[in-house]
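So the structure is just underneath, and the comments pick up after that.
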Amino acid sequence: MPILQAFGPSKGHISMPPPSVGLSAAARRYGVLPVPSLEWNEQVARETAPLYARVAKVIPSVEWPFFAPYVKAINALKKERNAVILAHNYQTPEIYNCVADFVGDSLQLAREAMKVDADIIVQCGVHFMAETSKILNPDKTVLIPDLKAGCSLASSITGEDVRLLRQKFPGVPVVAYVNTSADVKAEVDICCTSSNALQVVESLGSDTVIFLPDQYLANYVAGQTGVKIIAWKGACEVHERFTADELEAYRAADPSVQIIAHPECPPDVIGVADYTGSTKGMIDWVRKNKPKRVVMVTECSMADNVKAELPGVDFVKPCNLCPHMKRITLPKILDSLVFMKEEVTIDPMIAGKARRSVERMIHLKS
């Protein structure tokens, strides 16, 4: 069914999260540690060799002497701090494969955040993901290595916008993609990810649903359900840049190439794809099918991470990088663990309301 109505800005903008730095408070609680040695030597080479073996297909050997001391130091500091690192699929290979304790898409990381047995969570992703971890773990310290790691989708809508939509459409349930701020999550009925958006929409038992903020994911869901969708006109600045023409050019050059796309992409891109799914769905598809050549239409670091696992697959990369995900680096992760920064805090009233919508998604039966 086509989108019923769409509201909001035609283009999102990135606004920085509200000041939530708790560096001094976190440092007082846990103390500041000495900065470890970052020297590259034979001992570091030996100790990190098994980790380099994981990424040797995607990280040139000439780069490893820079990464390895950070990898060694971060893994040691995690134990000292009783910390875990959650890393999204879009993180670079040296983070995803060498220092992360848990990796995955937004839904996987949300579930892991509820289970972690640690005092400190370091979120290697963007700000709304760190907020989600804090929402689910109010008594834990949640750090993000760079507070400026934002998201065009999360910045496209506010809690006030949701309240206005509820006034305009009284009684219509509201679904929020997890790519939203805590303020927005506090105003909606349930959250979703790209992997369960259709299931969430249909679980509400309503003939009409407000779906925000991704207009393209809303359109994708609308095409698979009889539920009428009222959408918000937000978009991911990474996926929005892909075009059907560029993908058709890859297929013209090699008719055997497989094209798999994320549902945050525009409809014409999804229309030429052989498979559309969440980041987890895309990874699982490649693992299962092991295509000779594949175009993975999403943030291009994910292709590197899958290639590290499946070196026999040739990834053709239309490489759109997320500038916000790429703010997370090994040096900044090290600083987080040494200096206890940057701490993510949420007003308890907002966090409590947001927790209900996130937990409702997590506990939704498949």
Exactly one condition in (1) out of contact with any Phe, Trp or Tyr (no Cβ under 9 Å at 6 or more places or on another chain); (2) among the small types (Gly, Ala, Ser); (3) touching a residue at least 24 places away in the same chain (Cβ under 8 Å) is false for residue 182; which is it?
(1)
Being in a helix (DSSP H, G or I) and of a type outside the set (Val, Ile, Thr) is the filter here; which residues of region 290-317 pass it?
301, 302, 303, 304, 305, 307, 308, 309
So the check is Cβ under 8 Å with 6+ separation or different chains; which pairs have a first residue in region 87-114 that's closer than 23 Å to residue 141 by Cβ and at pLDDT 85 or above and a second one that's among the acidic types (Asp, Glu) and open to solvent by 20 Å² or more (accessible area, probe 1.4 Å)?
102/112; 104/112
Taking region 104-142 and the residues there that are open to solvent by 10 Å² or more (accessible area, probe 1.4 Å), assigned to a helix (DSSP H, G or I) and touching a strand residue (DSSP E or B) at 6+ places or on another chain (Cβ under 7 Å), the one that is farthest from residue 353 (Cα to Cα) would be 112
Being assigned to a helix (DSSP H, G or I) and within 30 Å of residue 78 (Cβ to Cβ) is the filter here; which residues of region 143-190 pass it?
154, 182, 185
Those residues that are open to solvent by less than 30 Å² (accessible area, probe 1.4 Å), part of a helix (DSSP H, G or I) and closer than 21 Å to residue 159 by Cβ, I need them from region 318-352; list them, please.
351, 352
Quick one: count up the residues across region 235-270 that are polar (S, T, N, Q) and touching a helix residue (DSSP H, G or I) at 6+ places or on another chain (Cβ under 9 Å).
2
Exactly one of these conditions fails for residue 206: (1) in a loop (DSSP other than H, G, I, E, B); (2) surrounded by 24 or more Cβ atoms within 10 Å (Cβ to Cβ); (3) touching a Pro at 6+ places or on another chain (Cβ under 9 Å). Give me its number.
(2)
Checked pairs for region 154-179, first over 28 Å from residue 105 (Cβ atoms), second part of a helix (DSSP H, G or I), C-beta under 9 Å and 6 or more apart or across chains, list as 160/183
Across region 103-137, what is the number of residues that are of a type in the set (Asp, Glu) and either over 19 Å from residue 154 (Cβ atoms) or in contact with a Cys (Cβ under 6 Å, 6 or more places away or on another chain) (or both)?
3
Can you name the residue in region 56-66 that is open to solvent by 30 Å² or more (accessible area, probe 1.4 Å) and part of a helix (DSSP H, G or I) and is also nearest to residue 91 (Cα to Cα) among such residues?
66
So how many residues does region 217-238 have that are out of contact with any Leu (no Cβ under 8 Å at 6 or more places or on another chain) and buried (at least 24 other Cβ atoms within 10 Å of the Cβ)?
1
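The values are calculated or read from the model by the stated rules, or taken from the named source; none is laboratory data. Source: prediction; values computed, not measured. As a convention, Cβ positions derive from the backbone with ideal geometry for all residues, glycine included, and neighbour counts pool all protein chains shown. Ligands, DNA and RNA are excluded from the accessible area calculation, which covers all protein heavy atoms including side chains. Shrake-Rupley method; radii C 1.70, N 1.55, O 1.52, S 1.80 Å.
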